[in-house]
Every structure is written in structure tokens, then in C-alpha cells.
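Engineer: Handing you this structure, nothing more for now.
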Amino acid sequence: MGIFNFFSKEKKETLDKGLSKTKENVFSKITRAIAGKSKVDDEVLDNLEEVLITSDVGVDTTLKIISRIEDRVSRDKYVTTAELTAILREEIAALLTENHTEDLESFTVPEDKKPYVIMVVGVNGVGKTTTIGKLAYQFKKAGKNVYLGAADTFRAAAVEQLVIWSERVGVPIVKQKMGSDPASVAFDTLSSAKANGADVVIIDTAGRLHNKINLMNELTKIKNVMKKVIPDAPHEVLLVLDGSTGQNAFEQAKQFTAATEVNALAVTKLDGTAKGGVVIGISDHFRIPVKYIGLGEGMEDLQVFNRKEFVNSLFGE
Ligand SMILES: Nc1nc2c(ncn2[C@@H]2O[C@H](COP(=O)(O)OP(=O)(O)O)[C@@H](O)[C@H]2O)c(=O)[nH]1
Ligand SMILES: [Mg+2]
């Protein structure tokens, strides 16, 4: 299947709308970077480097992009500034698709893991609970039986928020009272889910233990308890990052992936921010795939991440 077949018009509109601030930001900077220039020369490339870095793409990824464009300019001899955005789009898309696994085409989970257990981690406020609600909605829409587990037990409001999502989406939730042991909630959730033949289990966790070591120990404890019910759970540890924090999101990804096993990323709040370029840096830097992007607070505002579509949306087709 071609990569465009599954990318519906609605989905593209949500993506374009969500990325509009980032796009405006990048384009106004590019316009300034090439003002009065007809040809891509060293000065334009220097300016472009600054544009990408100040658009939260990150230094390493920016240098890779610039070097690709330099190669292209020396190969093609004369490159006009009018061609620059098309070249940027092509080179960024090529960079992001190198050495990477395929993007997901839709909200699916492996059929041979039943239930497929997703543990959602990340610091407080990044959008974990909201992303869980949106994922539950998508999986349910795809015909899956979904179970939620409210293992963020630190505040009553955190449990309540997930309860609201479970009602909105119409999926069962397992919870205990505030302050109870998160690992015990995870155990109960997996036990119920397994007994009831669930397809997908999504476990919410807290992101606000007083320090990193405590947080990581807590996550390890939750994982170990899950294994008592389902030996290879969690199948997915999904790290949620707030894209509107730009380079902070990048730093959080570094810290979390160094401290705990993470095998999927979600970048949220790309709507209403000019810092969406951070997804390019994250997607290039980490071998862990960006699986999902958040583009709003509504149930429908989560998409499976598609690198080509993302770059096309940002730099125009
Ligand atoms: N605009 C926007 N807001 C979001 C998105 N994802 C989450 N939020 C909001 O971010 C805030 C924190 O989200 P929450 O899910 O409670 O974060 P948690 O503490 O990690 O569980 C809430 O007000 C959400 O509505 C998104 O993709 N776009
Ligand atoms: Mg939460």
C-alpha cells in the first residue's frame, strides 16, 4: 500500500491546522534568511542553520540537514533560493526515513499479544492521561476490547480524569482509591483484562515523584508486578513528551530513555505551538520510533506519526 492511501483528507487537515504555527514560524524565518538572495550560497546556508536551530530541530539534526543541502548544492552547482523549501523537504524526509523502521499505518496492536499491554510514562502535565483517552478511543474504534488502569494514584484528580475518559470512550477502567500502590492497580488491571479477554490494556502512571530515582524505581516495580500476570508485559512502554516545550521535550526523552526501557514515543500539544520542529530532531536522534502525535485536546486529535506526511505538511507539498 502506498503511503498516501491511508492518509485521509480529514487527517491531513488536522495535521496542517495543528502544525500551522510551526509552519508560519519556519517560513517567516526562511523568508528572512534568503531575503535579497537568488542563489543558495554559504551565507544562505549559515542563515538556514540558524533557522533550523531556532525552530527547535536541534543542533545535531540541523547539522546533518545542512550537510545534505551542501552536498546537494555542490552537486547541482546552481540552486536558487526559490528551490530551497522543496530541497529542505526532500532532504529532511530522506534523513528521517533512513535507518528507521516503517511508520505505523493505523492504530493497531500485534494480534499475537493478547492482551497487549501499554504502560504510559512521562513527567507530570505532558499529556499522558489525555493520550491514553485518545488511544482508547482509536483502539475501540478499530474493534478492540480496551482496559484502562489508573496507576497514577497520587492525586484523586488524576484518577478522576481517567475515569472521565473511560466513560467518554466507553471502556472499562480498573482503579483503587487515591494513594494506593500503583503496582497493585497495575496487577488488578492486568488480571481483570486477562480474565475478560481484553485485547489492549493501557496503564496510566504518575510522573511526579520527588526525584528521578524514585520515579524510575516506581516504574520498575510496576513493570515487575505486571510480569506476574503476563510474563512479557509491558509490551510497550510509551513515553509521552510535550512538544510545546521544544528542546525540553528532547532532554526529557534523553533522560527517560537512559533511565528506563522505553520503546515508543508520543509527542503531544503540537497544535498551538511554533516548536513543532522538535519532532524532526526527536525522530532523527532516537532509534525509538515516534508512534503518535497529539494535535489537540479532543478525542480525535491523536494521529499515528508518519514522517513523510509530517515533513510535507510542514514544508508544503
Ligand atoms: N492543545 C493540546 N493540549 C493537550 C494535548 N494533549 C494533552 N493536552 C492538555 O494538556 C494538559 C495536561 O494533560 P494530561 O493528560 O492531564 O497530562 P498528564 O499529567 O501527563 O497526564 C491537559 O489540559 C490536556 O488537555 C494536545 O495534543 N494538544
Ligand atoms: Mg495524568
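The values are calculated or read from the model by the stated rules, or taken from the named source; none is laboratory data. Model, not experiment: these values are computed from the prediction. All Cβ positions, even for glycine, are placed from backbone atoms using ideal geometry, and neighbour counts span all protein chains on display. Protein only, heavy atoms only, side chains kept; ligands, DNA and RNA dropped before computing areas. Shrake-Rupley method; radii C 1.70, N 1.55, O 1.52, S 1.80 Å.
Engineer: What residue, of Val304, Val278, Val262, Val290, is within 13 Å of the chain's Cα centre (by Cα) and under 14 Å from Asp56 (Cα atoms)?
Structural biologist: None of the other options fit; the residue is Val278.
Engineer: In addition: Name the pairs whose Cβ atoms lie under 6 Å apart, with the first residue in the stretch 1-28 and at pLDDT 85 or above, the second small (Gly, Ala, Ser) and part of a helix (DSSP H, G or I), and 6 or more positions between them or separate chains?
Structural biologist: Leu15/Ser313; Asp16/Ser313; Leu19/Ser313
Engineer: On to the next question. Cβ contacts < 7 Å: first residue open to solvent by 50 Å² or more (accessible area, probe 1.4 Å), restricted to the stretch 98-127; second residue more than 13 Å from ligand 1 (Cβ to nearest atom) and among the aromatic types (Phe, Trp, Tyr), any location; separation 6+ or different chain. Result?
Structural biologist: Final answer for the pair search is Glu105/Phe6; Ser106/Phe6; Pro110/Tyr116.
Engineer: From the list Phe250, Phe305, Phe256, Phe286, pick out the single residue that is of a type in the set (Phe, Trp, Tyr) and in contact with a Phe, Trp or Tyr (Cβ under 8 Å, 6 or more places away or on another chain).
Structural biologist: After ruling out the rest, the residue left standing is Phe305.
Engineer: Among the residues of the stretch 121-141, write down those that are away from ligand 1 (no atom under 12 Å from the Cβ) and among the small types (Gly, Ala, Ser).
Structural biologist: Ala136
Engineer: Find all pairs meeting these conditions: Cβ atoms under 6 angstrom apart; at least six residues apart or on different chains; first residue within the stretch 214-232 and closer than 17 Å to Asp204 by Cα and in contact (Cβ under 8 Å) with a residue 40 or more places away in the chain; second residue part of a helix (DSSP H, G or I) and open to solvent by 40 Å² or more (accessible area, probe 1.4 Å).
Structural biologist: As it stands, the answer is Met216/Ala259; Val225/Phe187, since those pairs meet every condition given.
Engineer: Another question about this same structure. State the number of residues belonging to the stretch 239-267 that are outside any helix (DSSP H, G or I) and either surrounded by fewer than 18 Cβ atoms within 10 Å (Cβ to Cβ) or in contact with a Leu (Cβ under 7 Å, 6 or more places away or on another chain) (or both).
Structural biologist: Total meeting the criteria: 10.
Engineer: A follow-up question, please. Taking the stretch 225-238 as the region of interest, how many residues are open to solvent by 20 Å² or more (accessible area, probe 1.4 Å), of a type in the set (D, E, K, R) and closer than 22 Å to Pro289 by Cβ?
Structural biologist: Within the stretch 225-238, residues that are open to solvent by 20 Å² or more (accessible area, probe 1.4 Å), of a type in the set (D, E, K, R) and closer than 22 Å to Pro289 by Cβ number 1.
Engineer: Another one. Output the residues belonging to the stretch 211-224 that are crowded, with 19+ Cβ neighbours inside 10 Å and either assigned to a strand (DSSP E or B) or β-branched (Val, Ile, Thr) (or both).
Structural biologist: Of everything in the stretch 211-224, just one residue is crowded, with 19+ Cβ neighbours inside 10 Å and either assigned to a strand (DSSP E or B) or β-branched (Val, Ile, Thr) (or both), namely Ile222.
Engineer: Still on this structure, please answer the following. Determine if the stretch 194-201 includes at least one residue that is within 25 Å of Phe256 (Cβ to Cβ), in contact with a Lys or Arg (Cβ under 6 Å, 6 or more places away or on another chain) and crowded, with 21+ Cβ neighbours inside 10 Å.
Structural biologist: So in the stretch 194-201, the residues within 25 Å of Phe256 (Cβ to Cβ) come out as 200-201.
Restricting the remaining residues to those that are in contact with a Lys or Arg (Cβ under 6 Å, 6 or more places away or on another chain) gives 200.
Filter again for crowded, with 21+ Cβ neighbours inside 10 Å, leaving 200.
So far as the stretch 194-201 goes, yes, one or more of its residues are within 25 Å of Phe256 (Cβ to Cβ), in contact with a Lys or Arg (Cβ under 6 Å, 6 or more places away or on another chain) and crowded, with 21+ Cβ neighbours inside 10 Å.
Condition check ((1) under 24 Å from Phe27 (Cβ atoms); (2) within 13 Å of ligand 1 (Cβ to nearest atom); (3) surrounded by fewer than 24 Cβ atoms within 10 Å (Cβ to Cβ)) across all residues:
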position	(1), (2), (3)
Leu270	yes, yes, no
Ala274	yes, no, yes
Val279	yes, yes, no
Asp284	yes, no, yes
Lys291	no, no, yes
Gly294	yes, yes, no
Met299	no, yes, yes
Asn306	yes, no, yes
Phe310	yes, no, no
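Engineer: Just the residues that are surrounded by fewer than 23 Cβ atoms within 10 Å (Cβ to Cβ) and of a type in the set (Asp, Glu), please, taken from the stretch 135-170.
Structural biologist: Those that are surrounded by fewer than 23 Cβ atoms within 10 Å (Cβ to Cβ) and of a type in the set (Asp, Glu): Glu160, Glu167.
Engineer: I'm trying to understand the selection: among the residues of the stretch 268-317, which are among the polar types (S, T, N, Q), closer than 18 Å to Glu102 by Cβ and part of a helix (DSSP H, G or I)?
Structural biologist: Ser283, Asn312
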